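The values are calculated or read from the model by the stated rules, or taken from the named source; none is laboratory data. Here the structure is a predicted model, which means the values were calculated and not measured. A quick note on method: Cβ atoms are made from the backbone with ideal geometry, for glycine too, and the neighbour counts reach across all protein chains shown. With ligands, DNA and RNA removed, areas are computed over all heavy atoms of the protein, side chains included. Shrake-Rupley method; radii C 1.70, N 1.55, O 1.52, S 1.80 Å.
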Amino acid sequence: MLVPVKTLADAKRRLEAALGALRADLTVAMLTDVLNAIRGSSRVSGTLVVTADARVSELAGERGARVLREASSEGLNRALASGFSALHQAGATRIAIVPADIPLLTGEDLDCVLDLMDAHRGAVRRGVIGLCASRDGRGTNLMCLDRVADCDFRYGRNSFHLHRKAALAAGYRPVTLTSQRISLDIDTRADIDHFLAICMSQPAYRRSHTWRFLQAHGFAAVDDRAG
């Protein structure tokens, strides 16, 4: 599993008005939930976090992940290229990528994704690239590369469609994966509100670090003792 993480000073700029300096702590809370979910998967054999941030590196190590420390933050696509190369050289034949801001992710979600990739793997001679879109259908919230030797990462605007196009151009089979939990990344205040609404209706999610952080800072006015 490959998890790229920006420096905390640069994280979640679109939430500056809503959170101010709390952007960094929200990122840490979400990353904690993501790393916990990965550890809860029965099928993921290891995790590599790519970051230039010292606090992120320390958290990743505490959660059992390996860290590829960048000298400086050079952008998401370069970080992913470095991480992918490191894992591929280490002998990985299947590499899944998730961002640090999908706090509803569970180990079961990852197991389901890998099971689906297995189903497609035997049907093609070349590699398979599984893609799960963000809630708006434009971003890429999970990418799973199976028997893929090289990848042109296109994270940014409309990355889901660009990744599908690049997969086809390279001769790989693109597979669309669907998951409501994986599709919710938190970039805007509307995303926060959507996350909170899910937690309010499903108490199990109130055990997440992200929920507790938002509640502690006044974004959720519900007593979570029942959850």
* To do: Among the helices (runs of 4 or more DSSP H) lying completely within the range 1-85, list those that include at least 2 residues that are at pLDDT 95 or above and acidic (Asp, Glu).
  => 23-39, 54-62
* To do: Can you run down the residue pairs with Cβ atoms below 8 Å, 6 or more apart or on separate chains, where the first is in the range 85-108 and of a type in the set (Ser, Thr, Tyr) and the partner is outside any loop (DSSP other than H, G, I, E, B)?
  => Thr93/Asp146; Thr106/Ala37; Thr106/Arg181
* Structure fact -> Considering only helices (runs of 4 or more DSSP H) wholly within the range 122-227, the ones with at least 2 residues that are farther than 24 Å from Ala37 by Cβ are 159-169
* Within the range 104-123, identify whether any single residue is closer than 20 Å to Leu142 by Cβ, open to solvent by less than 10 Å² (accessible area, probe 1.4 Å) and over 17 Å from the mean Cα position of the chain (by Cα), and answer yes or no. => yes
* Asked: Filtering the range 174-197 down to residues that are among the aliphatic types (A, V, I, L, M) and under 24 Å from Cys144 (Cβ atoms), which residue is farthest from the chain's Cα centre (by Cα)?
  -> Val175
* **Members of the range 138-159 that are in contact with a Lys or Arg (Cβ under 6 Å, 6 or more places away or on another chain) and over 18 Å from Asp109 (Cα atoms)** => Asn158
* Residues that are within 21 Å of Met117 (Cα to Cα) and among the charged types (D, E, K, R), drawn from the range 155-208 -> Arg164, Lys165, Arg173, Arg181
